[in-house]
Each structure stands twice: as C-alpha cells, then as structure tokens.
Amino acid sequence: MIRLGCLLWDVDGTLADTERDGHRVAFNMSFENAGIDREWSVETYGELLKVTGGKERIRFDIERGGMALISDEKIVELHADKTHCYQQLIAEGRIPLRTGVRRLLEDAYEAGITLGIATTTTPAALDALIEHSLGMEWFDRFAVLAAGDIVPAKKPAPDIYEYAMIQMGVDPAQTLALEDSTNGWKSAQAAGLKCVVTVNDYTHNQDFDGADLVVSEFGEPDQHAIEVLSNRHGLKDLSAVTLDHLRAIMVQ
Ligand code: XBP
Ligand code: MG
C-alpha cells in the first residue's frame, strides 16, 4: 500500500495569497523607483500570471508591448529591487497564511511526514514569507526549499519538483503536491505526482482536469465548509481538508 511520505508545497497562492497584494504591488513599486511608466492593475496582473517567474513576467510584458523595452541587465536590476520591495511588504505582516495551511503543516510535521517547498519565486522572497508569516522554526522543518532560478525551466516544467525530490531523497509515488494554479498543477503532474489544488481569485477558472482534489481553500474543521470543485476519489467529510484526506488520496 502506498503511504503519504512527503508533502511538497507550492508557495505563491498556496501558502498565502501573495500575488495581488504582494508581488503585484512590489512590481509596481519597483517600476516607480526606476522611473518606468507602467502600472500592473489587478486585471493585467491576472493575464501576466500565465508566465511564471518575475523576470520572465517582465520580459513577457515588454514583448507584448505593455512595457517599454529595457535591457536584460536592467530587467535583472529591476527585479532585484522588486524582491526588496516585496520583502518589505511581507515584513509589514500584510499577507497572512491561507486558512488551514498552518494546521496541515503542523499535523504533517508531527506525523513525521517529510515537508518541502517547490516554488517559482525567488529564494529571498520565500525566506521573507517563512520568517514573517510562518515562523523561523519552519526553516528547519522543511527538508528542502527549492526556489527560483535553481532550475533552468520554471513551472509548468517539472524541474523544480524533480529537483526537490532528489534533494530530499523521496519517492514520487509517496509524494503529494499542493498547488493553486494550472502551471503548478501541470508541473506536479509532469513530475509524476498526485496533486491537491486550492484555488484563489486568479486561478478558480483555470483547468485542473485530472487533479486529485480541487477545493476553494483547505479550511478549518470548526469554520464554514469549503467549496469542493472536484473530488475524483470521492473523499468524504470534506468540510475542510485534513491530513487524513491527503493520506486517503495516496492509497487510491
Ligand atoms: C509564483 C510565480 C512567481 C511570483 C513572483 O510561483 O509565478 O513568479 O509571482 O516571484 P509559485 P518572483 O506559485 O510556484 O510559488 O518575482 O520572485 O520570481
Ligand atoms: Mg502558486
């Protein structure tokens, strides 16, 4: 029987709703700091999210004519300032964890399940979120923090998941990915992983065909019931996603 041995967590949109009020705001701050006449609205940012990675997203906006042409060197500089702005926003404690994230992390940690991070975001941005939203002790509780340019191809490529699993020495068959976007789900799927998706305002209309479970949030058992968008294993009692549900997915 296959057991749940490892949980691999996406960051942006999964641990916390960082995109609209975190990354987007930080990009706009960096554009202003650099004297670039461009502001990404909530709607525009939704379109740009189809490209993962901040530097890649800026380049994409330039290529589609949204932002004036700047050199690759300038993009790297701009993105470094964006990361700095993002760290400041996170340090202000603006972005809480999504519901159920801390509960699931703590339950899994106490159960001895290996925990890891597989994200497209920059390591410094990830570190800020762990320090200010999760807590310093989590730096030691994750077996790997796989992030950003550590692999050449970002999600939806499987590289970051594969890298994380090699680093941790875990078996894909015992590993479950937690994601929020179609790019993330495709990345996990291509790495041979089962996947639970927790959608948000930017991703609820995306395609998650074949994902193991798709929910509005992980939720809390003593709060309002979550919305279940897809439940291909027919899991019961889904008013909130629990560690038992994640275990049940692995034995299917
Ligand atoms: C989300 C992303 C990232 C962030 C910005 O990745 O696509 O690009 O929006 O991060 P994930 P950087 O959901 O896999 O965590 O600007 O630091 O690249
Ligand atoms: Mg994400």
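Laboratory data are not the source of any read-out in this text; all were calculated from the coordinates shown. Since the model is a prediction, treat every value here as computed from it, not as a measurement. With ideal geometry, Cβ positions are generated from the backbone for all residues, glycine too; neighbour counts draw on all protein chains shown.
Summary table
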{"item": "Under-5 Å amide H pairs with L229, H placed in peptide plane, nonlocal only", "result": "V214, V215, S216"}
{"item": "With at most 15 neighbouring Cβ atoms within 10 Å, loop GluC sites (Glu not before Pro) (DSSP) excluded, longest segment of the chain", "result": "138-226"}
{"item": "Longest segment of the chain lacking trypsin sites (Lys or Arg not before Pro) that sit in a DSSP loop with at most 16 other Cβ atoms within 10 Å", "result": "95-231"}
{"item": "Cα-based convex hull volume of the range 134-231 per residue, rounded to whole Å³", "result": "133 Å³"}
{"item": "Extension gain (nm, one decimal) between L69 and R3, 0.36 nm per residue minus Cα-Cα", "result": "18.7 nm"}
{"item": "J(HN,Hα) series, the range 151-165, from Karplus relation 6.51 cos²θ - 1.76 cosθ + 1.60, nearest Hz, glycine and proline x", "result": "10, x, 10, 7, 3, x, 5, x, 3, 5, 5, 5, 4, 4, 5"}
{"item": "Pairwise centroid distance, computed over Cα atoms, of the range 149-165 with the range 1-60, Å", "result": "17 Å"}
{"item": "Between helix 24-33 and the chain: long-axis angle, C-alpha atoms, 0 to 90°, nearest 10", "result": "20 degrees"}
{"item": "Cubic angstrom per residue, convex hull over Cα atoms of the range 213-252", "result": "58 Å³"}
{"item": "Note, ³J(HN,Hα) from phi for the range 101-118, Karplus 6.51, -1.76, 1.60, rounded to Hz, x at Gly and Pro", "result": "5, 5, 4, 5, 4, 5, 4, 5, 4, 5, 7, x, 7, 5, 10, x, 10, 9"}
{"item": "Rounded tilt (10° steps) of 54-63 against the dominant C-alpha axis of the chain", "result": "50 degrees"}
{"item": "22 Å Cα cut-off, lysine pairs counted over the chain (separation 8 or more, or different chains)", "result": "20"}
{"item": "Cα-based radius of gyration of the range 85-202 once divided by 2.2 N^0.38 Å, which approximates compact folds", "result": "1.03"}
{"item": "Alpha carbon convex hull of the range 25-146, projected area averaged over orientations, nm²", "result": "8.2 nm²"}
{"item": "Residues whose placed amide H lies under 5 Å from that of A16, excluding near-sequence neighbours", "result": "R98"}
